[in-house]
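Asker: A single structure is presented below for examination.
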């Protein structure tokens, strides 16, 4: 469903929430939405504990789109004061440029909210009724009519190309752990081990790029499979610039694989498969 010229949606301000993959998908929706309604697109990029890096550290510039970086990170007194000042500024900036705010809680209250077509109909109505929208969400809400994909920071992508240049056939493995309870319960490590063995039975020369947020998982798989397990990550903390760069490197390298063995209910697995236009097999019990 495409926008109508009679609609007058002047501004779309998007403040993507969550981690890297969630932010990428909502930015693509917002870009397509703004194109459909000939709106100005402004990104408010919040550095916080979910993703503590600037927009430019993560992604390439989007032509015609304004990006405002806000630093919400830190726990000391100065950081708390800075956050209050930024929130005060943000309130007035978004209030001046938009007349409606949409947040994650409002989206979750909608039946079948995970169906993009359901949300798209709602956002078409928002475009009809409002002069400007401020979206503080992590969900994909508008179809990718323009086949637009945000691009990973070029320096990180180049590092990934160098890492994989002489590897040959490679399968991606994304094992989500730490705070993701659903992935831990539904995609246990032993199932990944079984899947890797199954792939090796059919393709003995296959290598595996491992992306995980757990050092313990790295140690276990390298002990089990030795040098066929490849990792490019040095820092698995999402609260540091180096950690975010490592996540970006993982995302890029996974997207270059033949297929991905992914974790249950992980947008990171889905994003990598979408970027590379490759099969995603969720490892689930």
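Read the figures in this text as sums done on the coordinates, not as results from a lab. Computed from a predicted model, the values in this text were never measured in an experiment. With ideal geometry, Cβ positions are generated from the backbone for all residues, glycine too; neighbour counts draw on all protein chains shown.
Asker: How many Å³ per residue does the convex hull of the Cα positions in region 154-282 occupy?
Answerer: 98
Asker: Okay, next question. Rounding to the nearest 10 and keeping the result within 0 to 90°, find how far the Cα-based axis of helix 267-276 lies from the longest principal axis of the chain.
Answerer: 80
Asker: Let me ask something else. For region 154-282, calculate the relative contact order in percent as a whole number, restricting contacts to Cα pairs under 8 Å that are 6 or more residues apart.
Answerer: 31
Asker: Quick one: among 268, 78, 92, which has the greatest mean-square fluctuation in a GNM of the chain with alpha-carbon springs under 10 angstrom?
Answerer: Highest fluctuation among the options: 78.
Asker: May I pose another question? What 222 nm value per residue comes from the helices of the chain, counting each DSSP H run with n ≥ 4 as -39,500 (n - 2.57) and dividing by all residues, nearest 500 deg cm²/dmol?
Answerer: -14000 deg cm²/dmol
Asker: Something else about it: Measure nothing fancy, just the Cα-based angle from helix 154-164's long axis to the longest principal axis of the chain, in degrees from 0 to 90, nearest 10.
Answerer: 20
Asker: Any chance you could list P(r) for the chain, counting all Cα-Cα pairs in 10 angstrom bins from zero, rounded to whole %?
Answerer: Percent of pairs per bin, in order: 6, 27, 31, 23, 11, 2, 0.
Asker: Give the peptides 159-166, 208-215 in descending order of average Cβ contacts within 10 Å, highest first.
Answerer: 208-215, 159-166
Asker: Can you give the Kirkwood hydrodynamic radius for region 54-205, in Å, rounded to one decimal and based on Cα pairs?
Answerer: 20.5
Asker: Here is a further query. Apply the Kirkwood formula to region 142-191: the hydrodynamic radius equals the inverse of the mean of 1/r over all pairs of different alpha-carbon atoms; give it in Å with one decimal.
Answerer: One decimal place: 14.7 Å for the Kirkwood radius.
Asker: May I pose another question? For region 11-136, what is the Kirkwood estimate of the hydrodynamic radius, computed as the reciprocal of the mean inverse distance between distinct Cα atoms, to one decimal in Å?
Answerer: 15.4
Asker: Taking Cα atoms, how many degrees apart are the long axis of helix 20-36 and the longest axis of the chain, rounded to 10 and kept between 0 and 90?
Answerer: 40
Asker: Output needed for region 208-279: three equivalent-ellipsoid semi-axes, defined as square roots of 5 times the C-alpha gyration tensor eigenvalues, in descending order, whole Å.
Answerer: 18, 17, 11
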